[in-house]
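A.B. asks: Once you've had a glance at the structure underneath, I'll fire off some questions.
All of the numbers you see were taken from the coordinates with simple rules; none came from a lab. Given the structure is predicted, the values throughout are model-derived calculations rather than measurements. Don't worry about glycine lacking a Cβ; one is built from the backbone with ideal geometry, like all the others, and counts go over all protein chains shown.
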Amino acid sequence: MAKVQLTPEQYKAKAEKKAEKRKRFTKFFLGTIAICVAIVVVYSASTVAYTRIGLSSMIKKPATNVNAQTPSGDDSNVDWNTDVNNTPTPDTNDTPSTDTNNDNQQGGTTATVMTSKTMQFDLFVKAFNGVKTNAKSVTQLKKNAYNYDEHVDAGGIGIIETAGKGLMGSLLKAEETNLTFQGADIAANFPPSGATSGLTQKDIQSIDCKEEGDYYVITVVVKPAVNPTAGEKVGAVATILTKESIQDPIKNVPIINSLEPKCDYKATTAVAKIEKSTGNMVEYYFDLPMYLYMGDFSVGLGFEEWWTVAY
């Protein structure tokens, strides 16, 4: 049987067809690798490196419904009572006002309400940082990892996106672990784990303070940030995945190490329950949502932690 001779145009079309197949296969392969890497990274982080725990079922959450809070789109509602250099200046709002509502009275003493956002911020930061220096123990009794926004993008490759969502659903879940840390282990595990919080007023999107009997409940929403470092921006109130923590495990693995990771964190909510009489934080919660990009592929990830603190 005689061999079919192809014209130059046919050779070109055949070569282009093979190139397109290789391109589709490469995209499929990289999409698979990217999603798998992302899932392995977050699974490892949420079960080992992240060392996350939270509040027991017997402890009341430090807010009425922290998961239902919707951060505002800007920080126009934050009145810091500061000058142009971001240095607090004295004003009459820095003096707590009184509230004669009987529901807020404890033992016949009228409770105070912090009307100044600067006061709320300062109390939050002092109480938050005081956990690592003053607490006798911290217990993180519950953790939750979830597929934020149900987002899995494998470049439009449906089978990989479906498989990715399935893996997310099976691996990312809430757990009650009931772990307690003391001594040096407090600084190593309480958020941000292994780092010192450098939260600033410029990082804040909104802040609110409510009263619950003998306690203040301060809710802080931290502005979105891309590739923050531990202890800064959203990484100042939560234990985060960093670009470097993802790059290090894959830097010596061919093909995978060519995928550029990006940690795109959304507005992060932190809620602290603080004792009025001592200024000590006794309960803490955060919700940390993000998009993790691996090259052109991405997954939505979210982390929650609940803590209690003893002095």
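A.B. asks: Pull up all non-local amide H partners of TYR215: gap of 5 or more, or a different chain, and H-to-H distance under 5 Å with H placed in the peptide plane.
C.D. replies: Here LYS276 satisfy the definition.
A.B. asks: Moving to a separate point now. Over the Cα atoms of segment 257-311, what is the Rg over Rh ratio if Rh follows Kirkwood?
C.D. replies: Taking Rg over the Kirkwood Rh, I get 1.24.
A.B. asks: Search the structure for amide H atoms under 5 Å from the amide H of HIS151, placed 1.01 Å from N in the peptide plane, and list their residues when 5 or more places away or on another chain.
C.D. replies: Here GLY300 satisfy the definition.
A.B. asks: Set the Förster radius R0 to 51 Å, insert the Cβ-Cβ distance between VAL226 and GLU9 as r into 1/(1 + (r/R0)^6), and round the FRET efficiency to 0.05.
C.D. replies: E between VAL226 and GLU9, to the nearest 0.05, is 0.60.
A.B. asks: Multiply the residue gap between LEU179 and LYS210 by 0.36 nm, knock off their C-alpha separation, and tell me the result in nm, one decimal place.
C.D. replies: Difference between extended and current length: 8.3 nm.
A.B. asks: Moving on. Show me 146-153, 227-234 ranked by packing, highest mean number of other Cβ atoms within 10 Å first.
C.D. replies: Answer by packing, highest mean first, reads 227-234, 146-153.
A.B. asks: Please list, in chain and number order, the residues 5+ apart from THR115 or on another chain whose amide H is under 5 Å from its amide H, with Hs placed from the backbone.
C.D. replies: SER97
A.B. asks: Which of the residue pairs LYS136/LYS173; LYS173/LYS202; LYS126/LYS173; LYS143/LYS273; LYS136/LYS223; LYS136/LYS202 have a Cα-Cα distance greater than 26 Å in the structure shown?
C.D. replies: Checking Cα-Cα distances, LYS136/LYS173; LYS173/LYS202; LYS126/LYS173; LYS136/LYS223; LYS136/LYS202 exceed 26 Å.
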